[in-house]
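Below is one structure; the comments refer to it alone.
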Protein chains: 2
Amino acid sequence: MKTKAIFYHAGCPVCVAAEQSVASALDPSRYAVEIVHLGTDKSRLKEAESAGVKSVPALVMDGAAFHINFGAGLDALK
Amino acid sequence: MKTKAIFYHAGCPVCVAAEQSVASALDPSRYAVEIVHLGTDKSRLKEAESAGVKSVPALVMDGAAFHINFGAGLDALK
């Protein structure tokens, strides 16, 4: 069974770079990667915060939030 | 041909978590991942800085530095 990984972003240049390099580099045989745009899908903000996401871009996997560089704080997306 | 990715760390808990989750999740059929401990291999500090690494843990791939959360600044390792 594949492990789920969620990549949260907001369309910013820093986000796009992280998505194209890091998120897309994950092993597709082990990870099912979901891409969530928090700028357009604000209904997912609460879930992201609960997972420990403080800023985007961020990758949530193995129960932890990994912030990849800094594009925007979550507060800026509310 | 595989793309090279270098994961720089310093043995800190934040670094270990990022290594075990993010670095080890990269697709091995596309990426050759090298793990560099900057705390013990200070000869690689200059190279890391040149690649744009400001703190560890960081992943350098596709010509860009992706800082994953924050463990320690590079200056603390000199």
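The values are calculated or read from the model by the stated rules, or taken from the named source; none is laboratory data. Everything quoted here is computed from the prediction, not taken from an experiment. As a convention, Cβ positions derive from the backbone with ideal geometry for all residues, glycine included, and neighbour counts pool all protein chains shown. Accessible surface is based on the protein model in full, side chains and every heavy atom, while ligands, DNA and RNA are left aside. Shrake-Rupley method; radii C 1.70, N 1.55, O 1.52, S 1.80 Å.
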Query raised in the report: Does A:Asp62 fit the bill of being open to solvent by 30 Å² or more (accessible area, probe 1.4 Å), on the phi > 0 side of the Ramachandran plot and of a type outside the set (Val, Ile, Thr)?
Result: yes
Requested in this report: Taking only the stretch B:32-59 into account, find how many residues are open to solvent by 40 Å² or more (accessible area, probe 1.4 Å) and of a type outside the set (D, E, K, R).
Outcome: 7
Report summary line: Scanning the stretch B:8-56 for residues that are facing chain A (nearest Cβ under 9 Å) and within 11 Å of the chain's Cα centre (by Cα) gives B:Ala18, B:Val22
Query raised in the report: Of (1) hydroxyl-bearing (Ser, Thr, Tyr); (2) crowded, with 17+ Cβ neighbours inside 10 Å; (3) free of Cβ contacts under 8 Å to residues at least 24 places away in the same chain, A:Ser24 satisfies all except one. Which?
Result: (2)
**Report entry** Flag for A:Ser29 being in contact with a Ser or Thr (Cβ under 9 Å, 6 or more places away or on another chain), within 18 Å of B:Thr3 (Cβ to Cβ), of a type in the set (S, T, N, Q) and surrounded by fewer than 18 Cβ atoms within 10 Å (Cβ to Cβ)
**Finding:** yes
